[in-house]
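Chemist: Would you mind keeping the following structure in view while I ask a few things?
The values are calculated or read from the model by the stated rules, or taken from the named source; none is laboratory data. Predicted model, so just to flag it, every value in this text is computed and none were measured. Here the Cβ positions follow ideal geometry from the backbone for every residue, glycine too, while neighbour counts run over all protein chains shown. Ligands, DNA and RNA are excluded from the accessible area calculation, which covers all protein heavy atoms including side chains. Shrake-Rupley method; radii C 1.70, N 1.55, O 1.52, S 1.80 Å.
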Amino acid sequence: MILALIQKIETCDNLLKSASYLAVQLKKKFGILLINNKKEELIEKEKSYLNSKMNSLQLLSQPDQIFFTTSGKELPEICEKVEALFLLIQLPDDSKKNIRFWLSQCRELRIPYVLFKDSFSSLDLSRVIVPINFLEEEIEKAQFASAFGRFCGSKIIILLANDYGSKARQTAEKMKELFDKFQLNYTLTKGNSDSYKIEKEAVQVAINEDAGIILVSASREYGLDDIVFGPKELHLVKKSPVPILLVNPRGDLYALCN
């Protein structure tokens, strides 16, 4: 299921269109999770308003189910219960404080997630940017990039970190093997930045290439700087004019392409 978490119905048009589009392309069910901490009698009224909006938008697919949660703090449990494969979280407030809150709620997720600003256009997957650094968990992004290539016809742009070592290059070669297996359309470009700054460069590349999404591995652990100033993904989400698909590192998945 493609799950869309909605916080503000009035401004969720492009999020709904994106979730519906992704569900159709990937041939998956589409579900909506509403944040609702109001009185019970107002829930049906809000649901009716949402249905009216969806009808006016003429979505490619209608949601199979609509769920409710009071705060969003049970995200991992909810996603597991409904068997969600992708999560899109509406971000009507893109302040650092709010982004940080949702990143915190997503730390335990086993699925990729996007913090979707209201300022974003509808999701365009014609071009996908995949920055690669020296960390071993970067290979986890291959399965999602290949899914976009196979089912959405995406052109995959691999942006390789400009490092002295060979770890990023080795990961890129493994990705290429997977992409070749499915005969996907991809290019490999060496960036100007090293592994510590390649994801920041990917944001500019996405603008230059008119790409619709960037695939980024979330921080493995938070260091002192991350706790004080915020992790890299907070700053990327805050600054990026295009959606960023975040993937939480998991050691049991490192053998994806071996």
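Chemist: Scan segment 179-209 for residues that are closer than 17 Å to Lys155 by Cα, part of a loop (DSSP other than H, G, I, E, B) and among the polar types (S, T, N, Q) and jot them down.
Modeler: Listed by number, the residues that qualify are Gln183, Asn185.
Chemist: Another question, then. Collect the residues in segment 41-91 that are under 22 Å from Trp102 (Cβ atoms) and of a type in the set (D, E, K, R), keeping them in residue-number order.
Modeler: Correct list: Glu46, Lys73, Glu74, Glu77, Glu80, Lys81, Glu83.
Chemist: Here is a further query. Of everything in segment 219-242, what is out of contact with any Gly (no Cβ under 7 Å at 6 or more places or on another chain), at pLDDT 90 or above, open to solvent by less than 40 Å² (accessible area, probe 1.4 Å) and part of a loop (DSSP other than H, G, I, E, B)? Give them in sequence order.
Modeler: Once the filter is applied, which keeps residues that are out of contact with any Gly (no Cβ under 7 Å at 6 or more places or on another chain), at pLDDT 90 or above, open to solvent by less than 40 Å² (accessible area, probe 1.4 Å) and part of a loop (DSSP other than H, G, I, E, B), segment 219-242 yields only Ser240.
Chemist: Could I ask something else about it? Can we say Leu115 is over 29 Å from Gln58 (Cα atoms), open to solvent by less than 70 Å² (accessible area, probe 1.4 Å), outside any helix (DSSP H, G or I) and not charged (D, E, K, R)?
Modeler: no
Chemist: Only one of Pro76, Pro112 is modelled with pLDDT under 90 and under 26 Å from His235 (Cβ atoms); which?
Modeler: Sole residue among the options that is modelled with pLDDT under 90 and under 26 Å from His235 (Cβ atoms): Pro76.
Chemist: Are there any pairs, at least 6 apart or on different chains, whose C-beta atoms fall under 7 Å, with the first in segment 7-19 and in contact (Cβ under 8 Å) with a residue 12 or more places away in the chain and the second small (Gly, Ala, Ser), and if so, which?
Modeler: Asn14/Ser121; Asn14/Ser122; Leu15/Ala4; Leu16/Ala4; Lys17/Ser122; Ser18/Ser122; Ala19/Ala4
Chemist: Something else now. Please go through segment 127-171 and pick out each residue that is part of a loop (DSSP other than H, G, I, E, B), open to solvent by 60 Å² or more (accessible area, probe 1.4 Å) and either touching a residue at least 60 places away in the same chain (Cβ under 8 Å) or among the aromatic types (Phe, Trp, Tyr) (or both).
Modeler: Within segment 127-171, Phe134, Tyr164 qualify.
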